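Just so you know, all these numbers are worked out from the coordinates, no wet-lab data involved. Computed from a predicted model, the values in this text were never measured in an experiment. Every residue, glycine among them, receives a Cβ derived from its backbone with ideal geometry; neighbour counts consider all protein chains shown.
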Amino acid sequence: MTARSRRAFDAAGALSGLDALLTEPLAGAGAATADEGAPDTGEWTATKGAGFVLVPLWEGEALTGVYAQEWSAAEEAAEGHLAALVRELDGRWGAHRAVGMRVPLFRAQAGEPLPEPFQALADHDCFGDLAVWGPVTAAPGAGPRWVAVSLNQSDGDAPMILTALVTDRPITEPAERSA
């Protein structure tokens, strides 16, 4: 569960949240990756590590006991939220590029280590393909940043979660491990 649960999707709020992330300093090399939670509930608010921050932007309702048309409607609404956000960001920064999460998913299932920030994504079951922009201009003096958003669901009953990733290095799919 995230600190964004039980809230309606707000595209303007999501964009504002991304803008705020672009102005925050990122942890330096060697910083440990750590989750942060809301002080009153402990619900996930961010994961920060060396050169990146991962945050939930929106969380849908749990889909326990939801089937057929209701499940499809929930999925379509969540995909619509992602599409609206991607359209807005494409308007700001130009067309995004897709970064697949197939390799990170298979490596995580095999128990193989992943480079950050992919390990943080995997730790939160964020295996939705990434829409990526960058480098984009961040705060003055902050250096270039790369931004990614994705829609994720850890299993069929779990809520869908829209996440944002901001990093100080290019976001490229990790290589497959050789056998």
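Going by the alpha-carbon gyration tensor, a ≥ b ≥ c the square roots of its eigenvalues, is the stretch 19-122 rounded (a/c under 1.5) or, if a/c is not under 1.5, prolate (a/b greater than b/c) versus oblate? The shape class here is rounded. Applying the Karplus relation 6.51 cos²θ - 1.76 cosθ + 1.60 with θ = phi - 60° to the stretch 161-166 yields 3J(HN,Hα) values of 10, 9, 10, 10, 10, 10 Hz, where x marks Gly and Pro. Assign one of three labels to the chain, namely rounded, prolate or oblate, based on the Cα gyration tensor with a ≥ b ≥ c the square roots of its eigenvalues; rounded applies when a/c is under 1.5, prolate when it is not and a/b is larger than b/c, and oblate otherwise. Note, shape of the chain comes out rounded. Placing dummy labels 7 Å off each Cα toward the beta-carbon, the span from E173 to A98 is 0.9 nm.
Proximity of backbone amide H atoms, modeled 1.01 Å from N, is registered between L57 and L162, T163, A164 at under 5 Å, excluding neighbours fewer than 5 places apart on the same chain. Label separation (D123 vs R87): 3.5 nm, computed from points 7 Å beyond Cα along the C-beta direction.
Quick check for you: which residues of the stretch 8-35 have the amide N under 19 Å from the point 7 Å beyond the Cα of A158 toward its beta carbon? Under cut-off, by backbone N: 34-35. Modelled spin labels at E43 and D10, positioned 7 Å past Cα toward Cβ, are 1.3 nm from each other. Phi angles across the stretch 22-31 convert, under the Karplus curve 6.51 cos²θ - 1.76 cosθ + 1.60 with θ = phi - 60°, into 3J(HN,Hα) values of 5, 9, 7, x, 9, 4, x, 3, x, 5 Hz, Gly and Pro given as x. Over the chain, DSSP H runs of length four or greater, each weighted -39,500 (n - 2.57), average out per residue to a 222 nm ellipticity of -9500 deg cm²/dmol.
The amide H of G51, built 1.01 Å from its N in the peptide plane, has A27, G28 as neighbours under 5 Å, considering only residues 5 or more places off or on other chains.
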